[in-house]
1. Be a star and scan the range B:243-271 for residues whose amide nitrogen sits under 16 Å from the point 7 Å along the Cα-to-Cβ vector of B:Gln165.
2. Projected onto the charge dipole of the range B:24-149 (+1 at Lys/Arg Cβ, -1 at Asp/Glu Cβ, origin at the Cα centre), which of B:Trp69, B:Gly136, B:Leu57 gives the Cα projection farthest towards the positive end?
3. Which of A:Leu37, A:Leu296, A:Leu247 ends up with the largest GNM mean-square fluctuation for chain A, with Cα atoms connected below 10 Å?
4. Helices from chain B with mean Kyte-Doolittle at least 1.0 and a Cα length along the axis of 20 Å or more, per DSSP H: which?
5. If the cut-off is 21 Å between C-alpha atoms, which lysines fall inside it for B:Lys106, apart from same-chain ones fewer than 8 positions away?
6. Let me have the 222 nm mean residue ellipticity of chain A computed from DSSP H runs of 4+ only, each contributing -39500 (n - 2.57), with the sum over all residues rounded to the nearest 500.
7. Can you tell me the 0 to 90 degree angle between the C-alpha axis of helix A:247-258 and the longest principal axis of chain A, rounded to 10?
8. Given the Cα-Cα distance of A:Trp56 and A:Ala102 and 0.36 nm per residue of separation, how much length would full extension add, in nm?
Amino acid sequence: MTAAFVAGADASSEVPLKRRLKRAERTRRLKALALILPLLLFLLFTFLGPIAGMLWRSVDDWEVRQVLPHTVAALADWDGKDVPGEPAFAALAGDIRTARDAGTVAIASKRLNYALNGFRTIMSGTARNLKALPEPGTAKDTLIGINPAWGERATWVAIKSASGPLTSFYLLGALDLTRNVDGAIVAAPEEQAIYRDVFGRTFTISLGVTVLCLILGFPVAYMLATLPTGQSNVLMIFVLLPFWTSLLVRTCAWIVVLQSEGIVNDSLRWIGLIDEPLRLIYNRFGVYVAMTHVLLPFMILPLYSSMRSISPAYMRAAASLGASPVTAFLRIYLPQTVPGIGAGSLLVFILAIGYYITPALVGGAADQMISYFIAFYTTETVNWGLASALGAVLLLATLLLAVVYGKLVHGQQVTGGMKN
Amino acid sequence: MSDNHAPRTASQRVAWITTVVMASLVLVFLMAPILAIMPLSFSSGSYLTYPLPGLSLRWYEDFLNSPRWVSSLKNSVIIGVASTILSMVLGTLASLGLAQWKSKFKPLVLAIVLSPVVVPGVITAVGLYFFFAPLGLTGSYAGLILAHTALSTPFVVITVSATLQSFDMNLARAAASLGASPIYAFRRVILPLILPGLASGALFAFATSFDEVVVVLFMAGPEQRTLPREMFSGIRENISPTITAAAVILTTISVILLATLEALRRRNERLKGNLR
């Protein structure tokens, strides 16, 4: 019957079996792809697109190009050595008058002010005092007459450097670098060079939180992995409940507990250890406590699953061969938890470097991490180029760490280290 | 395996007791702040200090009588439910596709699908803010629902994919060989079996949206403020007992979600145990 069926099928079509199999495979693949596609398209619109847009903004330089188009064109061939010639001045005078009528002077001056401090004043003053278009041949004298800054090379270098269409200005700025008048990359002036500090602080706090989580999480994971399943399931609630409790609730709770009239200070005063309340919140201490609390479950859970898979037979074997408990722990148990330690630490560190809410609520001005500055430049000062550039650096760091994490966890899955 | 870890020698016992003491202290550290804040919401006084002057429900009344808080709770539920439904549809379809898709690009697609979990909230929020503003999607429910869906779908994909992994695809083939159309087979054979996994996915998705605040901070207009967003500004200004009442309400919802998930997990484990 089967033979007849196969023969019949063969007879009905001349296509060889191999090709039909291939075709069936392809249909299956296409069907699978059709199921995945809606989500991919959705993420393209709600996630990948927005992030690509943000990255684009970190190199996009449109303001000067759009507001002062003739000036940008006139400066295209300028070698940047001396002050440009009369045509550039004439173009600038025309552009400024057009921009003044269109109300777009502020857009360009804001961007130019990033390139050269004080440019905003130069631009607004010029726009205000440029009564009529200068007679042909007199644009240079007219503009320098309004503001002598137009006679300086640095002013024109600033315009040229901001002419776009692409710029490395924001990305360099995010790393405390800038270009000098001659176009060489140099350290940014001291009062503007704050981002290396901010990145350093972000990494220091994240590293500190990771280490604290590891120190606090290790014994918990060990106890949970060692206790009988019934007991460890009950104790697991102590880890899972905080994990599931809203971040805002936990942050709020720490403020209530640690504030100067809070439970900790009241208790310490009642015992008589202190007379004046300690400052425990709105500083670095508060950031460490609250962030460690928030991220600790992310350390405990991977550690726990790596420890669960360690057979107690190894420890017994070590003991039977005469190893002291300390030796057995250090030489037999600990090395087997290394994948769990790696996964947990990386996870906590990745989450910590991007944290915004907790430091924003419990930290002081000197404890704000990189996310705070990205938010600040986006909503407060509307320096979107810089916000995007800082975001690009943070994104790069996160993705690099995530790739390492992916390799680590994947490798473990292959060896059966972290199945759950 | 656990009883084999039982301490044998005196030094082992000391080490074990030390571990238990340290671990217990850490567990107390994890629970204490949450437990400490709860009773304050039942205080009759207006200061957040112990001892409580007396018990009362006035702060809950205050919460329920405040249009600001009530509408934020409503917004959280609306946005949470809508983004859960959307992420369940997209996530389940994609999980079904991924389960039968063999390609060298699969790791890349998986990485893209899961990336919203890894990328810092501020970056997603800023990107969406730039991207959605010209489309008129900032300050709208639609924008927030779309954004929350992007953030919750990875959890749906993870949970549903895990369920599909233990699902025997031969059952679907059997249904097909008996003449069931793919949709009928899905509805009558696959769906009932993976339903607990879908339910966990939905809970994860809802919890993700319900707790999200960074995107809401950037994107929500005054009309769309959610409960976490309202708490954020409340904590910034001045922590009143009403906030502790809001915290208790939020925590209660988390506990219900967690308990449901745990019940689903246990049921699943029991079923697996029976099959063996």
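1. Hits in the range B:243-271 for B:Gln165 at 16 Å: B:269.
2. B:Gly136
3. Judging by the Gaussian network model, the answer is A:Leu37.
4. Span-like helices, by this rule, are B:10-40, B:67-100, B:141-165, B:191-211.
5. Once the sequence-local lysines are set aside, what remains near B:Lys106 is A:Lys22, A:Lys31, A:Lys407, A:Lys419.
6. Numbers: 22 runs with 295 residues, N = 420.
That calculation yields -22500 deg cm²/dmol at 222 nm.
7. The answer is roughly 90 degrees.
8. Full-extension gain reported as 13.9 nm.
The values are calculated or read from the model by the stated rules, or taken from the named source; none is laboratory data. Nothing here was measured: the structure is a model prediction, and the numbers come from that model. Neighbour counts are summed over all protein chains in view; Cβ atoms, including those assigned to glycine, are modelled from backbone coordinates with ideal geometry. Remember, those area values only see protein heavy atoms, side chains included, never the ligands or the DNA or RNA. Shrake-Rupley method; radii C 1.70, N 1.55, O 1.52, S 1.80 Å.
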